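Chemist: Before we start, here is the structure in question, set down as C-alpha cells.
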Amino acid sequence: MSTIGVPGLILIVLAALILFGPSKLPELGRAAGRTLKEFKDSVSGITEEKKEASDPTRETERKS
C-alpha cells in the first residue's frame, strides 16, 4: 500500500464520498471490517487444520 501515497488515498476518499455520500460511508466501513474479520477467521481455521493434519505427534496422541 505504500505505493498509493497520501494524494492517492485522499483521491480515493473523495471518490467514495462522491459515490456513496457521507451517510453511507460508516455502514460500508463496518461491512468491510466484518468481511475482513470473517476472512481472517476462516483463514486461521484452515491453517490450524493443516497444522494439525501435518503434525505426526498429535496423531499418535489422539490414538492413545
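Chemist: Give 52, 59 a once-over and let me know the one that is at pLDDT below 85, part of a helix (DSSP H, G or I) and touching a Lys or Arg at 6+ places or on another chain (Cβ under 7 Å).
Modeler: Every option except 52 fails the conditions.
Chemist: If you don't mind, another one. So, in region 1-41, of the ones that are surrounded by fewer than 10 Cβ atoms within 10 Å (Cβ to Cβ) and among the small types (Gly, Ala, Ser), which residue ends up modelled with the lowest pLDDT?
Modeler: The qualifying residue modelled with the lowest pLDDT is 2.
The values are calculated or read from the model by the stated rules, or taken from the named source; none is laboratory data. Keep in mind it's a predicted model, so treat the numbers as computed, not measured. Here Cβ is always computed from backbone atoms with ideal geometry, including for glycine, and neighbour counts include all displayed protein chains.
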